[in-house]
Amino acid sequence: MESNAMTSYKDTTPAARLDKQTLNKMVWRSCQLQAAFNYERMQSAGWLWAMLPGLEKIHTNKDDLAASMTHNMDFLNTHPFFVTFVMGIVLSMEQQKTDIQTIRSVRISTAAPLGGIGDALFWYTLIPITAGLTANMAIDGSIMGPILYFVIAFGVEMVLRYALMYWSYNLGLTAVKMMTANAKAFTHAASVLGVFVVGALISNYGGGTKLGISIANGEGDPIVIQNYLNMILPCLIAFAFTMMCYVLIKKKNWTPVKCIALFLVIGIVGAAFGIWAGSYTPLVPVPWSVVA
């Protein structure tokens, strides 16, 4: 097909600036970036779907539109919250009728780093913090827990989508230089904060996992194993389970579902034999007492 072989557009006259209605429509379409996710082209189908309203207004020549749609179906993998940043840059280049290979190169070089930055900033930081705060409210029986989680998570996402679309569209290629100049430092800072937050969540939610084993010493008070573990490192069991998951997923290629199933088995077996502390009676007689 001719659209596959084209390296520049036939109509090289810069197009008019896109109106706000079109940009807003593209922002909402970007929410479906991963709707047609696949392992051959990753997010490319959702990307083209989001870009199409702008491309149709920019390219009035049908051959140019076909070529643009073809190269916008290239492999793409970026963070879904940051995708409008890439969209704005590519739109500004499409509007100026930049040659196709340059647009392809900029799209790939911009989208890839945003994947790592977005993961560190959102999946490892914002979402765990928000979930940690609102989960406590939900556990206490407050309906505001899930409502607040949705408002914060979705609200931040949409504010970013709108802000980044307009900002990068106005800046054009200048946005690429700004991002690449600070991407490494920003990713490192967000990753450190994410690790800190995950550690706090492990302590907060996993710290309740305690051994229920005590050993009679013949002198009255039994020896509570958990007390000695606390002297070594508080929340040691939660830390051990976390490291176990890390080894299984990272080194043994386990899936998270397998780890969840393993924890379920550990919990059931531990409760049956009175290994874990809790206000229950072990199903199997054991030579140690259960610490409530």
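When you look at V156, is it open to solvent by 40 Å² or more (accessible area, probe 1.4 Å), modelled with pLDDT of 90 or more and in a helix (DSSP H, G or I), yes or no? Considered against the rule, which asks whether it is open to solvent by 40 Å² or more (accessible area, probe 1.4 Å), modelled with pLDDT of 90 or more and in a helix (DSSP H, G or I), V156 comes out as yes. Are any of the residues in the stretch 34-56 charged (D, E, K, R) and within 21 Å of D119 (Cα to Cα)? Yes - at least one qualifying residue is present in the stretch 34-56. Among the residues in the stretch 85-107, are any out of contact with any Lys or Arg (no Cβ under 9 Å at 6 or more places or on another chain), outside any helix (DSSP H, G or I), farther than 30 Å from W123 by Cβ and free of Cβ contacts under 8 Å to residues at least 40 places away in the same chain? The answer is yes, given that some residue of the stretch 85-107 is out of contact with any Lys or Arg (no Cβ under 9 Å at 6 or more places or on another chain), outside any helix (DSSP H, G or I), farther than 30 Å from W123 by Cβ and free of Cβ contacts under 8 Å to residues at least 40 places away in the same chain.
Look at the stretch 275-292 and say how many of its residues are in a loop (DSSP other than H, G, I, E, B) and either charged (D, E, K, R) or at pLDDT 80 or above (or both). Break it down into steps so the answer makes sense when it comes.
Here is the first cut: in the stretch 275-292, the residues in a loop (DSSP other than H, G, I, E, B) are 275, 277-288, 291-292.
After this cut, where a residue has to be either charged (D, E, K, R) or at pLDDT 80 or above (or both) as well, the list is 275.
Number of matching residues: 1.
Considering only the stretch 1-71, give the helices (runs of 4 or more DSSP H) lying wholly within it that have at least 3 residues that are within 26 Å of A153 (Cβ to Cβ). Quick ask: steps written out before the conclusion?
Details: elements: 2-5, 20-29, 44-58, 62-71.
Helices (runs of 4 or more DSSP H) meeting the threshold: 20-29, 44-58.
Annotation note: Cβ proximity below 8 Å between a residue of the stretch 52-67 that is without any contact (Cβ under 8 Å) to a residue 12 or more places away in the chain and a residue that is open to solvent by less than 10 Å² (accessible area, probe 1.4 Å) and assigned to a helix (DSSP H, G or I) (sequence gap 6+ or interchain) occurs for L65/L55.
Scanning the stretch 207-257 for residues that are open to solvent by 70 Å² or more (accessible area, probe 1.4 Å) and part of a helix (DSSP H, G or I) turns up N227, Y228, M231, I232, F239, M243, Y246, I249, K250, K251, P256, V257. Within the stretch 61-109, being among the hydroxyl-bearing types (S, T, Y), surrounded by fewer than 23 Cβ atoms within 10 Å (Cβ to Cβ) and within 25 Å of the chain's Cα centre (by Cα) holds for S105, S109.
Residue under question is T187, and the condition is that it be modelled with pLDDT under 90 and under 29 Å from D19 (Cβ atoms); does it hold? In short, no.
Which is open to solvent by 60 Å² or more (accessible area, probe 1.4 Å), in contact (Cβ under 8 Å) with a residue 12 or more places away in the chain and assigned to a helix (DSSP H, G or I), of P128, P146, P113?
On the way: P128 fails: open to solvent by 60 Å² or more (accessible area, probe 1.4 Å); P113 fails: open to solvent by 60 Å² or more (accessible area, probe 1.4 Å).
One residue alone meets the criteria, P146.
Could you please let me know if A36 is more than 21 Å from Y166 (Cβ to Cβ) and surrounded by fewer than 16 Cβ atoms within 10 Å (Cβ to Cβ)? Answer is yes for this residue.
Evaluate the following for F122: is it assigned to a helix (DSSP H, G or I) and without any contact (Cβ under 8 Å) to a residue 60 or more places away in the chain? Yes, satisfied.
The values are calculated or read from the model by the stated rules, or taken from the named source; none is laboratory data. All figures in this text were calculated on a predicted structure; none of them were measured in a lab. Virtual Cβ from ideal backbone geometry, glycine too; neighbours counted across all protein chains shown. Side chains included, ligands, DNA and RNA excluded: accessible areas come from the protein's heavy atoms. Shrake-Rupley method; radii C 1.70, N 1.55, O 1.52, S 1.80 Å.
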